[in-house]
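Structure first, commentary second.
Readers should treat all values here as calculations from the given coordinates under stated rules, not as data from a laboratory. Quick caveat, the model's predicted, so the values are computed rather than measured.
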Amino acid sequence: MSNKVLLVDDEKELLDVVAERMRLFGLDVSTTTSPWVALKKVETEPYDAIVMDLVMPGMGGVAVLKAIKQTNPDIQVILLTGHADIELSKQALKLGALDVMEKPADLRALTDKIKKAGSKMKARKKRRKRSNS
């Protein structure tokens, strides 16, 4: 079963190219250019990982990360940045981001992180199920 990923970036052309490349690596990829649509998708669909831009107009990646972690703390989020903002990156990691990677991200490394994130999330869910039984 392939890892299900939500890719969020306000740059549509980049989003399409990265999504297509991720699919070639065997990932099941959904996309959106809207942080608000991303939040709705996370509420209604299960994802192994979310990969999103750190800096987006209207609602940045840190705000989206915070909202996601409040409703779904197990979901793994990887942030991408073209702005190398160290303070924002530190804040994102403190809030529970799996990683912050610079654009253009090495897609093989990113795919490996997504696959590890999916495994980590599935293991957490299994442990939680066992402890609730």
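Taking every alpha-carbon pair under 8 Å whose residues sit at least 6 apart, the stretch 4-132 reaches a relative contact order of 24 percent.
Computed from Cα positions, the angle between helix 61-71 and the longest principal axis of the chain comes to roughly 20 degrees. The helix-based estimate of mean residue ellipticity at 222 nm for the chain, built from -39,500 (n - 2.57) per DSSP H run of four or more residues and divided by its residue count, is -16500 deg cm²/dmol to the nearest 500.
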